[in-house]
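**Student:** Here it is: the structure, laid out below.
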Amino acid sequence: MLPRRASTECPPADHDLADRGSAALEFILVGLLLLVPIVYLVIALGAIQEQSLGAESGARHIARAVATAPDEAAARERAEAVLGSIVAEYGMDAGDVDLAVTCAPAGGACPRAGATLTVTVRTRVALPLVPPILGLDRAASIPIEASSAQRVSRLWGAS
């Protein structure tokens, strides 16, 4: 006797029809559950990257502007002008931006002729969609810091 083959016919009409159409619903549900956190992550990382580029750009340009200024008053004016334009360009909060200028070797006025000028810009990036309730916006912020060094000319400040 010959072995019987498995049937390739469709299942009977009384087969369970409850699963019909649920694949689209599952796809939409799982898609939303995965897509929303990914979109938030992209937005948050974009904000962090923007502020990082702003801090780095600010430190580099302020160091260059101060090192090439003819005197201390002009250096201060240039630093404030560059910092103001960087804050406006990169959408930083002016109250959160901290600027520190140091010279090496230590001692004496800063900036001064022949010194290595180090400019450090610090700021904080608030994560998007975090409400300012109970200081949550402050707790959910990322600190950013960038530094740049520039050699000041030996003839700096000479009239």
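**Student:** Would you tally the net charge around Leu83, using a Cβ to Cβ cut-off of less than 14 Å, leaving Leu83 out, and scoring K and R as +1, D and E as -1?
**Tutor:** With Lys, Arg at +1 and Asp, Glu at -1, the neighbours total -2.
**Student:** Summing -39500 (n - 2.57) over the DSSP H runs of n ≥ 4 in the chain and dividing by its residue number, what mean residue ellipticity at 222 nm do you reach, to the nearest 500 deg cm²/dmol?
**Tutor:** Working: 3 runs with 69 residues, N = 159.
My calculation for the chain gives -15000 deg cm²/dmol from helical runs alone.
**Student:** If you don't mind, another one. Calculate the dipole size of the chain relative to its Cα centre from +1 charges on Lys and Arg beta carbons and -1 charges on Asp and Glu beta carbons; express the result in debye to the nearest 20. Please report the intermediate quantities before stating the final value.
**Tutor:** Details: 13 positive and 17 negative charges, 152 e Å.
The dipole magnitude comes to about 740 debye.
**Student:** May I ask for the net charge around Gln150, where only other residues with Cβ less than 12 Å from the Cβ of Gln150 are counted and Lys, Arg are +1 while Asp, Glu are -1? If you can, show how the numbers build up before the last one.
**Tutor:** Working: positive: Arg60, Arg64, Arg151; negative: none.
Once all neighbours under 12 Å are counted, the net charge is +3.
**Student:** Can you compute the FRET efficiency between Asp71 and Glu145 using 1/(1 + (r/R0)^6), with r the Cβ-Cβ distance and R0 = 30 Å? Round to the nearest 0.05. Don't jump to the answer; show the numbers that get you there.
**Tutor:** On the way: r = 29 Å, r/R0 = 0.95.
That pair, Asp71 with Glu145, gives E of 0.55.
**Student:** Here's something else I'd like to know. May I ask you to order 98-104, 109-115, 53-59 by the average number of other C-beta atoms within 10 Å around their residues, highest value first?
**Tutor:** Values: 98-104: 14.0, 109-115: 16.9, 53-59: 21.4.
Packing order, densest peptide first, comes out as 53-59, 109-115, 98-104.
**Student:** What is the calculated FRET efficiency for Val39 to Arg138, with r their C-beta to C-beta distance and R₀ = 41 Å, to the nearest 0.05? Kindly include the intermediate steps, with their values, before the conclusion.
**Tutor:** Details: r = 24 Å, r/R0 = 0.59.
Computed FRET efficiency for Val39 and Arg138: 0.95.
**Student:** Considering only Ala81, Tyr40, Ala94, whose Cα is most displaced toward the positive end of the charge dipole of the stretch 23-151, charges sitting on Cβ of Lys, Arg (+1) and Asp, Glu (-1)?
**Tutor:** Toward the positive end, the furthest listed residue is Ala81.
Computed from the coordinates by the stated procedures, all read-outs in this text should not be read as laboratory data. None of the values given here were measured: they were computed from a predicted structure. Here the Cβ is made from the backbone with ideal geometry for all residues, glycine too, and neighbour counts use every protein chain on show.
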